[in-house]
1. Under the 0.36 nm per residue contour assumption, what length would be gained going from the current alpha-carbon distance of residue 136 and residue 93 to full extension?
2. Taking a 1.4 Å probe, which of 71, 93, 116, 108 shows the most accessible area, and what order do the others take after it?
3. For the chain, what class follows from the C-alpha gyration tensor (a ≥ b ≥ c being the square roots of its eigenvalues): rounded when a/c is under 1.5, otherwise prolate if a/b is larger than b/c, else oblate?
4. Extending each Cα 7 Å along its Cβ direction at residue 46 and residue 28, get the distance between those two points in nm, one decimal.
5. Please list, in order along region 59-66, the HN-Hα scalar couplings obtained from phi with the Karplus expression 6.51 cos²θ - 1.76 cosθ + 1.60 (θ = phi - 60°), rounded to whole Hz, x for Gly and Pro.
6. How large a share of the accessible area of the chain, in percent, is made up of carbon and sulfur atoms when the probe is 1.4 Å and the other protein chains stay in place?
7. In the full protein assembly as shown, how much of residue 57 is accessible to a 1.4 Å probe, in Å² to the nearest 10?
8. Heavy atoms only, probe 1.4 angstrom, no DNA, RNA or ligands counted: give me 34, 125 ranked by accessible area, highest first.
Amino acid sequence: MKLIPFVLSLLFFTLLFSCGAEKEENEALKEQVIAIHDEVMPEIGHLKNQQSKLIEKANSLENEASAASYREDLNLAAQSCESAYDNMFVWMRQFKSEYDEMSEEETRAYLMEQLRMVEKVKVDILSAKSTADSLLNVSI
């Protein structure tokens, strides 16, 4: 009979500590998501600047038939810059930083999805920036 309270106490503490560990894991996951955002957010201004330069350069080559392919590449790169810029702000608007209405399991699933999304935003930003930088360094 004395075994039942002991088993119940053991079960209670096991659940308590496992929930605490899950909460800590979710907090670490949230910090990882925010860290990726913080890493690429400073590139946003540079991205918009590069987009303007790409458009300006493409417009300056409008009357040069020999540069048609290069002009098209410049315009595509400008579109990539705009898309990467927009995607960052779309992601930021939909990101939830409070999870009171979610269980720890739901929070983990949400944060895993957010991690996937913000990693894609990062790849898009860095790719657009790299392409823009390389195209703007071409001299015709």
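The values are calculated or read from the model by the stated rules, or taken from the named source; none is laboratory data. These numbers were taken from a predicted model, which means no experiment stands behind them. No Cβ is skipped: glycine too gets one built from the backbone with ideal geometry, and neighbour counts run over all protein chains shown. SASA here: full protein model, heavy atoms, side chains in, ligands and nucleic acids out. Shrake-Rupley method; radii C 1.70, N 1.55, O 1.52, S 1.80 Å.
1. Taking residue 136 through residue 93 to full extension adds about 12.4 nm, to one decimal.
2. Values: 71 50, 93 175, 116 125, 108 95 Å².
Highest to lowest solvent-accessible surface, that is 93, 116, 108, 71.
3. Details: a/c = 5.32, a/b = 4.88, b/c = 1.09.
Since a/c reaches 1.5 and a/b is larger than b/c, the shape of the chain is classed as prolate.
4. Distance between label points: 3.0 nm.
5. Rounded to whole hertz, the list is 5, 5, 9, 4, 8, 9, 4, 5.
6. 57 percent
7. 50 Å²
8. Working: 34 60, 125 0 Å².
The residues order as 34, 125, largest area first.
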